[in-house]
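Below is one structure, written out as structure tokens; comments come after it.
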Amino acid sequence: MRNENCTELKTLTAETTINVRFGETDAMGVVWHGNYLKYFEDAREAFGLVHNMAYLDFYNAGYFTPIVKSEVDYKSPIHYGEKARIIARLLYSPAAKIIFEYEIFNLNTNRISATGKTIQIFLNAASRELEINKPDFYKAWEKSAGLL
């Protein structure tokens, strides 16, 4: 990823693998489209564990991080019983938001099944008010993770 000044910015990634369960598919045995957002969340949770910034860390610091935008581009199907790898890539943002990009690969067909993106914001957990600036704990984490 590059910023406007064409300097390389570090990105952090994590991945997880899932086995597609019967309840995640439609009548055709294909993963129902809404479940791709759940797979994105699985990858975000894996990211939090790998990079020491899990959902509970936000909550314990007094913040919620709701998703305000999500995008999914469907490329090829995943069927019941197949395996998929979901990769989450955190994109650095100078604004008070968290941006992830995703890729989902069908490990049985070796094809990309979906790509996507989510944007999260910071809400003060007590007041439920939008935070205009990144919280200090998050800025410290960005620095320790090498994003700054």
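Throughout, read-outs are computed from the coordinates displayed, never taken from laboratory work. Please read all numbers here as calculations on a predicted model, not as lab measurements. Cβ atoms come from the backbone with ideal geometry, glycine included; neighbour counts cover every protein chain shown.
Work out from phi, with θ = phi - 60° and the Karplus expression 6.51 cos²θ - 1.76 cosθ + 1.60, the ³J(HN,Hα) of each residue of region 27-43, listed in order in whole Hz, and give x for Gly and Pro.
With coefficients 6.51, -1.76 and 1.60, one gets 5, 8, x, 9, 3, 5, 4, x, 6, 5, 5, 5, 5, 4, 5, 4, 5 Hz.
Would you compute the Debye intensity of region 57-110 from its alpha-carbon atoms alone, equal scatterers and no solvent, and pass along log10 I(q)/I(0) at q = 0.17, 0.18, 0.20, 0.31 Å⁻¹ to two decimals?
For region 57-110, the Cα-only Debye profile gives -0.74, -0.79, -0.87, -1.30.
Taking GluC sites (Glu not before Pro) as exposed when DSSP calls them loop (any state but H, G, I, E, B) and at most 13 other Cβ atoms lie within 10 Å, what is the longest stretch of the chain free of them, the sites themselves excluded?
That would be 5-128.
From the phi of every residue in region 136-143, what ³J(HN,Hα) in whole Hz does the Karplus formula 6.51 cos²θ - 1.76 cosθ + 1.60 yield, where θ is phi - 60° and glycine or proline is x?
4, 4, 6, 4, 5, 5, 4, 5
Just want to confirm a number: the relative contact order over the chain, from Cα pairs under 8 angstrom separated by 6+ residues, in percent.
The normalised contact order for the chain reaches 26 percent.
Distance between Cα centroids, region 95-127 to region 18-80: provide it in whole Å.
Region 95-127 and region 18-80 have Cα centres spaced 8 Å from each other.
Project the alpha carbons of region 14-102 onto their principal axes and report the range along each, largest first, in whole Å.
Cα extents, longest axis first: 43, 22, 19 Å.
Where Lys and Arg each count +1 and Asp and Glu each count -1, what net charge lies around TYR63 among other residues with Cβ under 14 Å from its Cβ?
It works out to a net charge of 0.
So who's got an amide H within less than 5 Å of the one on ILE78, skipping anything under 5 residues away but keeping other chains? H placed 1.01 Å off N, in plane.
The answer is VAL31.
Can you pull out the chymotrypsin sites (Phe, Trp or Tyr not before Pro) in region 27-109 that DSSP calls coil and that have at most 13 other Cβ atoms within 10 Å?
Loop-located and lightly packed - TRP32.
How much net charge surrounds PHE105 when only the other residues with a Cβ under 11 Å from the Cβ of PHE105 are counted, with Lys and Arg +1 and Asp and Glu -1?
Here the charged neighbours net out to +1.
Return the sequence-ordered ³J(HN,Hα) values of region 71-79 in whole Hz as given by the Karplus equation 6.51 cos²θ - 1.76 cosθ + 1.60 applied to θ = phi - 60°, using x for Gly and Pro.
Whole-Hz 3J(HN,Hα) from phi for region 71-79: 9, 9, 10, 8, 10, 7, x, 10, 10.
Kirkwood hydrodynamic radius for region 45-148: how many Å is it when counted over pairs of different Cα atoms?
15.2
Size of the dipole of the chain about the Cα centre, Lys and Arg at +1 and Asp and Glu at -1 on the beta carbon, nothing else charged, in debye to 20?
140
Would you mind checking the pairs LYS38/LYS143; LYS83/LYS117; LYS38/LYS134; LYS83/LYS139; LYS75/LYS97; LYS75/LYS143 and listing those with alpha carbons more than 31 angstrom apart?
Pairs exceeding 31 Å: LYS83/LYS139; LYS75/LYS143.
Tell me what the chain gives for mean residue ellipticity at 222 nm when only DSSP H runs of n ≥ 4 count, each as -39,500 (n - 2.57), the sum divided by the residue total, rounded to 500 deg cm²/dmol.
-6000 deg cm²/dmol
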